[in-house]
1. Over the chain, what is the relative contact order in percent, taking alpha-carbon pairs closer than 8 angstrom and at least six residues apart?
2. With each run of n ≥ 4 DSSP H residues scored as -39500 (n - 2.57), what mean residue ellipticity at 222 nm is computed for the chain after dividing by its residue count and rounding to the nearest 500 deg cm²/dmol?
3. Taking GluC sites (Glu not before Pro) that fall in a DSSP loop and have at most 11 other Cβ atoms within 10 Å as cut points, what is the longest piece of the chain between them?
4. Per residue, what volume in Å³ does the Cα convex hull of the range 128-246 take up?
5. Could you give the length gained on full extension between residue 171 and residue 386, defined as 0.36 nm per residue of separation minus the Cα-Cα distance, in nm?
6. When all alpha-carbon pairs of the range 208-278 are counted, what percent fall beyond 19 Å?
7. Find the relative contact order for the range 76-120 and round it to a whole percent, using C-alpha pairs within less than 8 Å whose residues are 6+ positions apart.
8. At 7 Å along Cα-to-Cβ for each site, give me the label-to-label distance between residue 75 and residue 232 in nm.
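The values are calculated or read from the model by the stated rules, or taken from the named source; none is laboratory data. None of these values were measured; they are calculated from a predicted model. Don't worry about glycine lacking a Cβ; one is built from the backbone with ideal geometry, like all the others, and counts go over all protein chains shown. The protein model used for the area step is the full one, side chains on, heavy atoms only, and it has no ligands, DNA or RNA in it. Shrake-Rupley method; radii C 1.70, N 1.55, O 1.52, S 1.80 Å.
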Amino acid sequence: MDSTLESAVLLLLIASVVAMLTRRLRLPYSVGLVAAGMGLALLPFSPKMSLTRELIFTGLLPPLIFEAAFHLRWKELRRDLPVILVLATVGVLVSAGITMIGMHFLAHWQWLSALVFGVLIAATDPVSVIAIFREANVHGRLRLLVEAESLFNDGTAAVAFGIVIALASGQHFGALAITRTVLVTAGGGILCGALVGNLVLFLIGRTNDHLVETTCTTIAAYGSFLLADSLHASGVLATLTAGLVLGNLGNLGPISDRGRETVQAFWEYVAFVANSIVFLLIGMREASRNFAVAWLPAVVAVLLVTAGRAAVVYPICQVFSRSRFRVSTRHQHVLFWSGLRGALALALVLGLPEEVPRREEIITVSFSVVAFSIFVQGLTMTPLLRALGEIPAHDSKSQIRENQ
């Protein structure tokens, strides 16, 4: 316990220093954290805390998803829900299929290995995407589209991954069984989130104590995830639903004015801490991988994942081009390039069963794709937003500094 506490304190100290340095150097905070983590892993006093599936899923992902969902407004979300849902469902499956086929024929992986990798790497990561958009001070419809899609497609990827892992373990599913599993996993997650969210709202309505109200939102974030997970439903969708319930129905009155200020400040801080630990640990884990042994499939994977994202965003947006859900060409470019991969993909890949063929190679290639996302896409996202006119050229740098 003492070692874990010491490691956490050291990581937070490093995160604070990195936050100040990236502000001065005008670099994305997430990129600075990963670079710092890679350097930290080479030092003799490197923290003993390591990146594991359990830490990401049960410790860091719930507050990040809840905080993002809490700030989504249902009125705005409803206006673009068809586009978001198609991108988050059909888009994830098509992207996974393109990656799977490419890894089989170009990297010569077995179909099962290619399928597992395609599914776990298909979803864009809300942790990476939201961090960069907040730093760039992007608002309006574009931010809603990118953030909402990255949140919803996590649920799709998690559900699909569960089915794929069951297949890898030797279970056989027919079309009816797969449909039933999807309905139970996704529907169960949404019901768990709605149940916990409304229960917490009921409790909040019985008090005006801002500390109790904040504690209740913490219970909602973790309780919804743990309840769904214990029932073999989607914890990601449960926490997402709980966040939407509290963020939107809470506006009707249950949360007091002081409580709402406290809750928002609390979750802003929790998101900062969770983001910091996630990216630092990603960097430390990146430094421990031997990428030379899998450089060719890693390059192939990066190209396939990027191509798969393009093959999803542009055609799907074209489908809505003659409707009121039309997405402008500029926004399509941002949607394409903001398809970063991060914590969710690593949580899934670190939980792969030992019997999955090429398990270690899949892990190494997944870390390679995440590294490309963070360093290449992360560093070029703000210049792209500036070039497309999504953030003003004259003050974008100061806005980034203010939001770090």
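1. Relative CO of the chain lands at 30 percent.
2. -24000 deg cm²/dmol
3. Result for the longest clean stretch: 1-353.
4. 127
5. Full extension from residue 171 to residue 386 adds 72.5 nm.
6. That fraction is 38 percent.
7. It rounds to 37 percent for the range 76-120.
8. 4.3
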